[in-house]
Structures are given as structure tokens and as C-alpha cells.
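Structure first, then comments.
Bear in mind these aren't lab numbers, they're just calculated from the coordinates by the rules spelled out. Not measured: the values here are computed from a predicted model. Cβ placement follows ideal geometry from the backbone for every residue including glycine, while neighbour counts extend to all protein chains displayed.
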Amino acid sequence: MKFDGKIGIVTGAGSGIGRATALGFAARGGTVVAADINAENAARVAETIAAHGGKALAMTVDVTHAADIDRMIAETKSQFGRIDFLHNNAFGMPASASTSNEAAGRLADLEDGVWSYMIEVGLTAVWRAMKRALPIMRAQGSGAIVNTASISGMRADYGIAAYNAAKAGVINLTRVGAIEYARDGVRVNCVCPGAIHTPLLQPALEMPGFAERFHEAIPMGRLGKPEEIANVVLFLASDLASFVTGAAIVADGGQTAKTGSPSFMPE
Ligand SMILES: NC(=O)c1ccc[n+]([C@@H]2O[C@H](COP(=O)([O-])OP(=O)(O)OC[C@H]3O[C@@H](n4cnc5c(N)ncnc54)[C@H](O)[C@@H]3O)[C@@H](O)[C@H]2O)c1
């Protein structure tokens, strides 16, 4: 995988999966716009890249603000002349919930504000960035968009309805982007991570017994690492994936391969 001369934007680049994608893209020769609502973390990632001889620009972006997305796309185009790769990856909880657990609840109990924020940050922001980047990629005749969906967009979880709905939307929006822009030389794919050890999952992991139950649910018996998702994202962004578009690639340690039935082997 080589990205020499390529320009990529990663949202949520300050932490977890986005950070790993940004570092990986830069390590393979690409120039990264590291966008995050957390200015300090975005700057730290850009500094790390520069310290390793790579090229990066940190940008403070709240993906729930249309004007921030406009600025992210416009500044990238004006500074670097093109956009080859867009990784729509940012996700965070509403400010009203200090931890992800506080935003959890059965669907009839979800606050309106939690629902609308999760759809905004998880789905609408992805559409908006695609809307702004696609005309540029179309004019170039090339480009790769990789959205971070989730296995939570393919199956149901208990207590996080808005997240499940947003991620399901990302998977199908990815397919729409893929078929509508395939003849313009633009590929659109998504990755569906299982449980990955990042700050997003940390509050849930701190609930008693949660981590153990996760390890039982995952055939590999462990959580994934951000780099294990970034590797899939970078593959999808690269020319190695030249015939891959509209795909939702699962990387979950085997979790969704299971029916959930108990073992049929006698004890
Ligand atoms: N960790 C998991 O188990 C898991 C599983 C499936 C999918 N995902 C998805 O992976 C993506 C990355 O999550 P992560 O696990 O690396 O979490 P993370 O918390 O480590 O990283 C998310 C980043 O997004 C940033 N962010 C939050 N709100 C933002 C906003 N409004 N505008 C811009 N940036 C914002 C945060 O500051 C943070 O740097 C998310 O889309 C998440 O839904 C994660």
C-alpha cells in the first residue's frame, strides 16, 4: 500500500481508529488532514506524523457543524489542490452525556436530544462530508471514501438504538455513494469494526462483567486494536482495492459469524 503524493482527510483523527488511520496513511507517503473536535489531540497526531518525517495538517472540526465540514473540505482543496481519500470516522456522545453509558437506554426511553445528536454525528455528518468531497473527486476522476460503520449497523445491540440506526444508515449510504459515483472513478466503502479497544468503548468496559462477556462473545477471545481496523481502511483507500466499491468489510474477531446459539457439543 503506497500513498505517495496522495491527500487524505481523516475525521476523528485525534484518537483510536482515526488516529491509527492517519498515522498509517502518512507512514505510507500520504499527506493527512487530521480533523477532530479535540484540537489538542489533532495537533498531537500531526506532530507525531511530522516527527516521523511525514506530512500532516491538524484541523479543529466539529462534524456536526456544516460550516466546519465546508471549511475542512475547502481548506484541503485550496492548500493541497486535491482530495484522494476521505475517512469519515468521527463519533462522539452528546455533551449532555458525560459517558456513553449515560446515553444508553431502551428505545422508548431514549431522550430526543440523544437520538438526534447520534444521527447527526453518526450519519448526517458522513453524508455532508461525502456531499462536499464527491464533486471534487468526480472532477479529478478518482478518489476513495471509506466510512467507519460498525457491526452495530448490521445487527441489533441492547440499549443503543440510535447508534444502531445511524451505523445501519452509514452502510447503506456507502452503497448509494458507490453505485452513483462508480463511473466517475470514485470508490466508496465502509469498514464494520467489532469491539475495538479505544476511549469510545472505555466507559462500557468499566461496567462490571462487560469486558468478560465481550471476550466470550468474540470467537478470537479479545477486543480488536485500532491498527487492525486502520489496516482495513487503508486497504480500501489504496489501489489494491481498485475493484472494491460498495463493500462493508467486517473486522470483528468472528463475532458476527456466530448464530448466538449455545454449543451443540456435549459438555
Ligand atoms: N471502538 C469500537 O468498539 C468501535 C466499534 C465499531 C465502530 N466504531 C466506530 O469507530 C469510529 C472511531 O471511534 P473510536 O472507537 O476510534 O473512538 P475514539 O473515541 O477513540 O475516537 C473518536 C474521535 O472522534 C472525535 N470526535 C467526537 N465527536 C466529534 C465531532 N463532533 N467532530 C469531530 N470529531 C469528533 C473524538 O474527539 C475522537 O478523537 C467511530 O465512528 C465509532 O462509532 C468503534
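When you check Gly12 against the structure, is it surrounded by 23 or more Cβ atoms within 10 Å (Cβ to Cβ), within 15 Å of the ligand (Cβ to nearest atom) and on the phi > 0 side of the Ramachandran plot, yes or no? Yes: the conditions hold for Gly12. Residue check: Phe243 meets all listed conditions (1) closer than 25 Å to Asp4 by Cα; (2) in a helix (DSSP H, G or I); (3) without any contact (Cβ under 8 Å) to a residue 12 or more places away in the chain but one, namely (2). Failed condition for His65, given (1) crowded, with 16+ Cβ neighbours inside 10 Å; (2) under 19 Å from the mean Cα position of the chain (by Cα), with all others met? Checking His65 against (1) crowded, with 16+ Cβ neighbours inside 10 Å; (2) under 19 Å from the mean Cα position of the chain (by Cα), the one that fails is (1). The set of residues in region 49-63 being β-branched (Val, Ile, Thr) and assigned to a helix (DSSP H, G or I) consists of Ile49 alone. Every condition in (1) surrounded by fewer than 24 Cβ atoms within 10 Å (Cβ to Cβ); (2) within 13 Å of the ligand (Cβ to nearest atom); (3) under 20 Å from Val32 (Cα atoms) is met by Pro135 except one, and the failing one is (2). Residue count for region 4-36, restricted to those that are within 24 Å of Phe91 (Cβ to Cβ), in contact with a Gly (Cβ under 7 Å, 6 or more places away or on another chain) and assigned to a loop (DSSP other than H, G, I, E, B): 2. Counting the residues of region 68-103 that are under 15 Å from Val32 (Cα atoms) and either surrounded by fewer than 19 Cβ atoms within 10 Å (Cβ to Cβ) or over 15 Å from the mean Cα position of the chain (by Cα) (or both) gives 13.
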